Amino acid sequence: MAIRLINICGARPNFMKIAPLLQAYRAYPQIEPVLVHTGQHYDENMSRLFFEQLHIPPPDINLEVGSGSHARQTALIMQRFEPLLEQYHPDAVLVVGDVNSTIACGLVAVKQGVPLLHVEAGLRSFDRSMPEEINRLLTDAISELLFVSEPSGVENLRREGHPEEQIHLVGNVMIDSLRQHLEIARRSDTLQCFHLTPSQYGVITLHRPGNVDHPDTAREIVTALIELQHQLPLIFCIHPRTRSRFEQFGLWTLLSNQPHLQCSEPLGYLEFLHLLADARVVLTDSGGIQEETTILGVPCLTLRENTERPITLTSGTNRLVPPRRSAIITAIQQLDQITRPATTPPLWDGHAAERIAGVIVDYFQGA
Ligand code: UD1
């Protein structure tokens, strides 16, 4: 019996999660994957470049929803995704992560009676002001199979009352992609292009509304970066929303005119992985980068009050730093105290996607 499986991707952090899954399905001829791109991210370097570098086949369907308010974006994805269920009659819909595309397609699937499978289930920041936390809670609540990347996720799902047979601790698909591509990424000429020396620069990424939508917080962070670049050259890979907010707050000209701080467009997967791997420190508010730096052993200062990925604090190189100038400067002074733990999180071994494919086949065809 064939298992027709619609796989959803939409935003940049989805692509490195979906790539290893599509590869892993190849071991099971009974899985018939269909790939749907919602078009939540659409810029060349937020989307197409990732397909190319991660060897993701072109999507079967692109819903081309683009940007918009949360309600508009989510509604448009739902509206455009619904007819595909009539067309493809899938046995299941698989979603990854916590972006608007995840919950939008999840809702459509369950309302049509199609089982929903969630990869990266169970993560909780316990901060409902984050749009991603709402997406995570709701997606898990309606999913049939919950694929979890770290033990905290299993505990969270148990506490929320999910039955044991739905919960599968499988490891981290994002780390599957990292392990597969690290060697080739290291061969890129990214460091030369930006005139950087290994271990002698810091990488910055920021995009969360909590940090970049508030002028006071954005200013605190920018002030810290301007001080810091005198000690350590910095490269800031700027997300489109961050750039437009900084322009709005009058911070862009200031930021882009510093002697040791380079501002770059968002980079491709391989170029960015190379930058991360050789950095002295990473300052970010991303979820995935906390995990990537944990495996790379690079100190990561996460400019947030909380993390939904606590294993990166206990078994990694991640530290939470409030997004304030003084806290950032103090954390940088204490960088030497962050050392690489002896062990990495369980099952972050590059084989998570294979485990997921195995569970899916067992679920539909009986163990
Ligand atoms: C989304 C995810 C977030 C993830 C992030 C990674 C949600 C709720 N948030 O946030 O969890 O960490 O992606 O990037 O889904 N834009 C472009 N070009 C693009 C895409 C976006 O210019 O290709 C700009 C648009 O101005 C848009 C803004 O970025 O309005 C925000 O994009 P959106 O996809 O809504 O959310 P992100 O902030 O990227």
Problem - Test: Leu157 is in the same structural domain as Gly113 (by TED's automatic domain parsing), closer than 21 Å to Pro310 by Cα and within 23 Å of the chain's Cα centre (by Cα) - result: yes
Practice task
For the range 228-283, please list each of the helices (runs of 4 or more DSSP H) lying entirely inside it that holds at least 1 residues being in contact (Cβ under 8 Å) with a residue 12 or more places away in the chain, within 16 Å of the ligand (Cβ to nearest atom) and under 21 Å from Arg304 (Cβ atoms).
Solution key: 240-248, 269-277
Practice task
Go through Gln180, Gln192, Gln200 for me and flag whichever is in contact with a Gly (Cβ under 7 Å, 6 or more places away or on another chain) and of a type in the set (S, T, N, Q).
Solution key: Gln180
Problem - Verdict on Arg304 being within 13 Å of the ligand (Cβ to nearest atom) and charged (D, E, K, R) - result: yes
Exercise for the section: Please go through the range 1-18 and pick out each residue that is more than 16 Å from the ligand (Cβ to nearest atom) and in contact with a His (Cβ under 8 Å, 6 or more places away or on another chain). Expected result: Arg4
Handout entry: Index of the failed condition, Pro33 passing every other in (1) on the phi < 0 side of the Ramachandran plot; (2) within 13 Å of the ligand (Cβ to nearest atom); (3) touching a residue at least 12 places away in the same chain (Cβ under 8 Å)
Key = (2)
Exercise for the section: State all residues of the range 107-142 that are in contact (Cβ under 8 Å) with a residue 40 or more places away in the chain and touching a His at 6+ places or on another chain (Cβ under 8 Å); if no residue qualifies, say none. Expected result: Pro131, Thr139
Exercise for the section: Check whether at least one residue in the range 70-89 is assigned by TED's automatic domain parsing to the domain that holds Ala352 and part of a strand (DSSP E or B), and report yes or no. Expected result: no
Practice task
Scan the range 317-336 and give yes if some residue there is assigned to a loop (DSSP other than H, G, I, E, B), under 19 Å from Ser177 (Cα atoms) and either within 15 Å of the chain's Cα centre (by Cα) or of a type outside the set (S, T, N, Q) (or both), otherwise no.
Solution key: no
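The values are calculated or read from the model by the stated rules, or taken from the named source; none is laboratory data. As the structure is a prediction and not an experimental result, all values here were calculated from the model. Note: ideal-geometry Cβ built from the backbone for every residue, glycine included; neighbour counts use all protein chains shown.
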